[in-house]
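The values are calculated or read from the model by the stated rules, or taken from the named source; none is laboratory data. Being a predicted model, the structure only gives us computed values, none of them experimental. Glycine gets a Cβ as well: all are built from the backbone with ideal geometry, and neighbour counts include every protein chain shown. For the accessible areas, the whole protein counts, side chains as well, though only heavy atoms, and no ligand, DNA or RNA atoms are used. Shrake-Rupley method; radii C 1.70, N 1.55, O 1.52, S 1.80 Å.
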Amino acid sequence: MKVILLQDVEHLGEQGEIHEVANGYGRNYLIPQGIARLATEGAIKQAREEQRQAARKQAAKADDAQDLADELEDMQVVFTAKVGEDNRIFGTVTTQQIAVELANRGYDIDRRSIDLDEDIREVGTYTAHIQLHPQVKAKLSIQVIPESGSDF
């Protein structure tokens, strides 16, 4: 029996794929659970068209992410912080603070997609890596400067 998977199935395949399965497995489990549907000629055409449309949407998302990455790589985010001895700041600059600053500039970036090479604990310039899409990663320049009025 040929079926079209409606969702990913471990040890069988991914959504949209057509697989030959045992009659009982398809009729008694996959189809009643809504995991697969019978692979008729019309259903196969429909599944292929859905795959083409999904690929087009994915390509458009990748293009949008690349445009955003180009914008972010041209940008520098500046943070001011109270400074103690040896140019060490009080606390750290976190990914949450970076996400908030980007949101203030109109970019909706999730803090979990921001990765720092090292903790930002001193005055200086740093680089953050932002995962915008599975194939697109951007580098963001971050600069930490001392607050004016610091005695050190």
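Show the residue pairs that are 6+ apart or on different chains and have beta-carbon atoms under 6 Å apart, the first residue being within region 48-69 and open to solvent by less than 90 Å² (accessible area, probe 1.4 Å), the second being of a type in the set (S, T, N, Q).
Hits for this filter: 62/135.
Look at region 34-93 and say how many of its residues are part of a loop (DSSP other than H, G, I, E, B) and charged (D, E, K, R). First the steps, then the outcome.
At the first step, the residues of region 34-93 found to be part of a loop (DSSP other than H, G, I, E, B) are 34-35, 39-40, 74-75, 82, 84.
Then keep just the ones that are charged (D, E, K, R); that gives 74, 82.
Residues that pass the stated criteria total 2.
Looking at region 79-94, which of its residues are free of Cβ contacts under 8 Å to residues at least 60 places away in the same chain and of a type in the set (A, V, I, L, M)?
Once the filter is applied, which keeps residues that are free of Cβ contacts under 8 Å to residues at least 60 places away in the same chain and of a type in the set (A, V, I, L, M), region 79-94 yields 89, 93.
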